[in-house]
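The values are calculated or read from the model by the stated rules, or taken from the named source; none is laboratory data. Here the structure is a predicted model, which means the values were calculated and not measured. Here Cβ is always computed from backbone atoms with ideal geometry, including for glycine, and neighbour counts include all displayed protein chains.
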Amino acid sequence: MYALTNCTIYTSQKILNEHAIIIENDLIKEIICNENLKKHIKCIDLQGANISAGFIDLQLNGCGGVMLNGAETEKTLEIMQATNLKSGTTSYLPTFITDADEGIKRMLKVTRNYMQKHKNEVLGLHLEGPYLSIEKKGIHCPEYIREADPDMIHHICQNSDVVSILTLAPENNSKETIQALCNSNIIVALGHTNATYAQAKEGIDNGISCATHLFNAMTSMEGRAPGVIGAIYDNNIYAGVIVDGFHVAYESIRISKKIMGEKLYLVTDATAAAGSNIDSFDFVGTTINYKSGKCTGPDGSLGGSAVTMIESIQQMVKFVGVELDEALRMATLYPAKAISVDHRLGSIMPGKIANLAVFTSDYKVLATIVNGNYNATI
């Protein structure tokens, strides 16, 4: 047991000063006034830093010089977790984009093995594809984009305990496919979709509850054609948004935040360049160049991002105009709610898992706590 002291605590419900967080084993035991802190307890002085729930990234292709596609191993997940901690992310969904069935099956086994050994780090797999739209493929390999095979959908459903999100194009998938996934407690997200408003709405009516990287690789909202964006706004579903200054204009994020409120959460969609010093990397057979914070393919199209979660929070405050406590909820509580893990993660409350992030007022991550274990990052 130990206490975290001398900090500003962002619980997700309140902002507290002159309080301490008591950690016992892997749990938050209590939050108490400093005056009630027992003298015998070990204390870690955070020297006036901020502390929040650990950040949760629901879309992460790679970081720290590695990509998940092409390196489907537990070592890759370990590198991604270690890199995440440097920017305050304590839990994440490794994101495996469009690939052959053999690659998906391999990734399911790797994810299961890792999750059995490391609790509350990898929260499941995000399968982004392969049942997408060719017209909105982005960086995804068109030769692997395909119709859903019933046997493969059945296999994915049988492994639903390690699949958290599956992103698909609703116009190219039957209601039976969507409902089968939803009935297996897999969150179905729309993304990389050329759907009309009506097609997106039908998918939502059949169980789609989330959208992948809002605005990117989806039909836009127009006066006579509200498209996927209109369907998201109009149907109160969750959506992740990339706040790196390249994928979405800050003004569009501000407008979306006003419309969507707590349904909008932060994702990085990060790649190998995040948390590393490389200037290029391979993304499923395509060379992606990294320069001045931007990841682009040979044709100039975006190939994921290099932004971290702490940078995303900072940019929400600085450029979008969201208060820090709300920006933190977009990185903690709201993604936790989106994948139904908010009963144990996403806020600082007694009885929840002690996954926490410690950072300064100028957005430098000083430490993380994962399953109660304190890890200094600087």
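Could you count how many residues in segment 351-364 are more than 19 Å from Tyr265 (Cβ to Cβ), in contact (Cβ under 8 Å) with a residue 12 or more places away in the chain and out of contact with any Leu (no Cβ under 8 Å at 6 or more places or on another chain)?
2
Give the number of residues within segment 119-164 that are under 25 Å from Glu74 (Cβ atoms) and at pLDDT 95 or above.
Here the count works out to 24.
The rows are residues; the columns are (1) part of a helix (DSSP H, G or I); (2) among the β-branched types (Val, Ile, Thr).
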| residue | (1), (2) |
| --- | --- |
| Tyr265 | no, no |
| Gly275 | no, no |
| Tyr290 | no, no |
| Asp299 | no, no |
| Val307 | no, yes |
| Glu311 | yes, no |
| Ala336 | yes, no |
| Val358 | no, yes |
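Can you name every residue in segment 272-282 that is over 21 Å from Thr377 (Cβ atoms) and in contact (Cβ under 8 Å) with a residue 24 or more places away in the chain?
Passing the criteria: Phe281, Asp282.
Mind checking whether some residue in segment 276-285 is acidic (Asp, Glu), surrounded by 21 or more Cβ atoms within 10 Å (Cβ to Cβ) and over 17 Å from Ala53 (Cα atoms)?
No, the conditions are met nowhere in segment 276-285.
Regarding segment 170-179, can at least one residue be identified that is within 25 Å of Gly285 (Cα to Cα), among the small types (Gly, Ala, Ser) and modelled with pLDDT of 95 or more?
Checked segment 170-179: no residue is within 25 Å of Gly285 (Cα to Cα), among the small types (Gly, Ala, Ser) and modelled with pLDDT of 95 or more.
Considering only residues that are among the aliphatic types (A, V, I, L, M) and within 20 Å of Val365 (Cα to Cα), which ones fall in segment 63-94?
Listed by number, the residues that qualify are Ile79, Met80, Ala82, Leu85.
Collect the residues in segment 187-216 that are assigned to a loop (DSSP other than H, G, I, E, B), within 21 Å of Met330 (Cβ to Cβ) and in contact with a Gly (Cβ under 9 Å, 6 or more places away or on another chain), keeping them in residue-number order.
Scanning segment 187-216 gives Gly191, Thr212, His213, Leu214, Asn216.
If I filter segment 192-211 for residues that are touching a Pro at 6+ places or on another chain (Cβ under 8 Å) and in contact (Cβ under 8 Å) with a residue 60 or more places away in the chain, do I get at least one hit?
yes
Out of (1) in contact with a Gly (Cβ under 8 Å, 6 or more places away or on another chain); (2) crowded, with 23+ Cβ neighbours inside 10 Å, what's the single condition that is false for Leu302?
Here Leu302 meets the rest and fails (2).
Is segment 352-372 home to any residue that is on the phi > 0 side of the Ramachandran plot and in contact with a His (Cβ under 9 Å, 6 or more places away or on another chain)?
Yes, that holds for at least one residue.
Quick one: how many residues across segment 1-26 are part of a strand (DSSP E or B) and without any contact (Cβ under 8 Å) to a residue 40 or more places away in the chain?
4
Being within 22 Å of Val341 (Cα to Cα) and out of contact with any strand residue (DSSP E or B) (no Cβ under 7 Å at 6 or more places or on another chain) is true for just one of Ala180, Ala100, Ala189. Which residue is that?
Within the list Ala180, Ala100, Ala189, the selection yields Ala180.
Return only the number of the condition from (1) surrounded by fewer than 24 Cβ atoms within 10 Å (Cβ to Cβ); (2) touching a helix residue (DSSP H, G or I) at 6+ places or on another chain (Cβ under 7 Å); (3) within 22 Å of Cys7 (Cα to Cα) that Ile313 does not satisfy.
That leaves (1) as the condition not met.
Which residue is farthest from Val317 (Cα to Cα), if the candidates are limited to segment 358-378 and must be in contact with a helix residue (DSSP H, G or I) (Cβ under 8 Å, 6 or more places away or on another chain) and crowded, with 18+ Cβ neighbours inside 10 Å?
It comes out as Val370.
Which of the residues that make up segment 170-186 are assigned to a helix (DSSP H, G or I) and either touching a Leu at 6+ places or on another chain (Cβ under 6 Å) or of a type outside the set (Asp, Glu) (or both)?
Once the filter is applied, which keeps residues that are assigned to a helix (DSSP H, G or I) and either touching a Leu at 6+ places or on another chain (Cβ under 6 Å) or of a type outside the set (Asp, Glu) (or both), segment 170-186 yields Pro170, Asn172, Lys175, Thr177, Ile178, Gln179, Ala180, Leu181, Cys182, Asn183.
Given the criteria among the polar types (S, T, N, Q), touching a Gly at 6+ places or on another chain (Cβ under 6 Å), part of a loop (DSSP other than H, G, I, E, B) and in the same structural domain as Pro130 (by TED's automatic domain parsing), does Ser220 qualify?
Yes: the conditions hold for Ser220.
Name the one entry in Lys337, Lys291, Lys258 that is more than 17 Å from the chain's Cα centre (by Cα), modelled with pLDDT of 95 or more and either under 25 Å from Val122 (Cβ atoms) or of a type in the set (Lys, Arg) (or both).
Lys258
Give Ile278, Ile242, Ile288 a once-over and let me know the one that is within 20 Å of His140 (Cα to Cα), aliphatic (A, V, I, L, M) and out of contact with any Asp or Glu (no Cβ under 7 Å at 6 or more places or on another chain).
Ile288
Among residues belonging to segment 223-255 that are free of Cβ contacts under 8 Å to residues at least 12 places away in the same chain and in a loop (DSSP other than H, G, I, E, B), point out the one that is surrounded by the most Cβ atoms within 10 Å (Cβ to Cβ).
Selected residue: Ala249.
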